[in-house]
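Notes to accompany the following structure.
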Ligand SMILES: [Cu+2]
């Protein structure tokens, strides 16, 4: 009975997670699943969008007004004026003020993203042409993550987004992600967590997220990196602490980077 309940609940969870991937004809952002993404969505919806709409409506009104009021038949002798100091000061100052109003919360969000809290778990994402490789440096785990081909998709897997080996992380924990690449530029991006960082060969970038909801989250490489750029998706599975520990004990064996034998590290044949 417990097992049936578990299967049923995991079925529900997988389906709830469907909200966290791109949908057909979607407008706007994916649902935020971290504090950082919530900040970004609020900033966009509550500040940027009203400003953008107000400016567009104002400019549209000015254009229509000028078209009607100064049309040739109503205004046969056009003004020859070339300067107006008051108007020039206003149309310089007002946009400056608007930019400052936008910049202050924007910098706040940027700094918050840039300050990594004490990490509970560190993972390393390495971009390859054309798949992602992952390491859990503290757990001796390493694996590659390839896109699932369309013919091999399970019913619950979205096309072009599902991978064979997902990144698994515990819910409500600070996850630090080290990002690099092995060949060309890639970018590790996960919209629901508000995370996007370039993967640069020879350099390690870092970012972090704290997922607030269990589920499966999808992202894609976001730097044009070659012919199969569109086919190197990112899948992160957020699970409970117990499920994570369970995955960890399996992964330590399945994806062991180095074999531990007689207390000595030995390179495992992969
Ligand atoms: Cu790429």
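Since every read-out is calculated from the coordinates, none of them should be taken as a lab result. Keep in mind the model is a prediction, meaning the values are calculated, not measured. Using ideal geometry, Cβ is built from the backbone for each residue, glycine included, and neighbour counts are taken over all protein chains shown.
Among the residues of the stretch 230-242, what is the count of those that are surrounded by fewer than 18 Cβ atoms within 10 Å (Cβ to Cβ) and either within 16 Å of the ligand (Cβ to nearest atom) or free of Cβ contacts under 8 Å to residues at least 60 places away in the same chain (or both)? Full working, then the answer.
Kept after step one, since they are surrounded by fewer than 18 Cβ atoms within 10 Å (Cβ to Cβ), are these residues of the stretch 230-242: 230-231, 240-242.
From what is left, the residues that are either within 16 Å of the ligand (Cβ to nearest atom) or free of Cβ contacts under 8 Å to residues at least 60 places away in the same chain (or both) are 230-231, 242.
Qualifying residue count, the stretch 230-242: 3.
Scan the stretch 138-153 residue by residue and report those that are without any contact (Cβ under 8 Å) to a residue 40 or more places away in the chain and either in contact with a helix residue (DSSP H, G or I) (Cβ under 6 Å, 6 or more places away or on another chain) or farther than 18 Å from residue 219 by Cα (or both).
138, 151, 152
Just to be sure I understand, how many residues within the stretch 204-229 are over 28 Å from residue 39 (Cα atoms) and either surrounded by fewer than 19 Cβ atoms within 10 Å (Cβ to Cβ) or in contact with a helix residue (DSSP H, G or I) (Cβ under 7 Å, 6 or more places away or on another chain) (or both)? First the steps, then the outcome.
To start, the set of residues in the stretch 204-229 that are over 28 Å from residue 39 (Cα atoms) comprises 225-229.
Checking the rest, the ones that are also either surrounded by fewer than 19 Cβ atoms within 10 Å (Cβ to Cβ) or in contact with a helix residue (DSSP H, G or I) (Cβ under 7 Å, 6 or more places away or on another chain) (or both) come to 226-229.
Residues in the stretch 204-229 being over 28 Å from residue 39 (Cα atoms) and either surrounded by fewer than 19 Cβ atoms within 10 Å (Cβ to Cβ) or in contact with a helix residue (DSSP H, G or I) (Cβ under 7 Å, 6 or more places away or on another chain) (or both): 4 in total.
Scan the stretch 88-126 residue by residue and report those that are more than 30 Å from residue 203 (Cα to Cα) and surrounded by 14 or more Cβ atoms within 10 Å (Cβ to Cβ).
102
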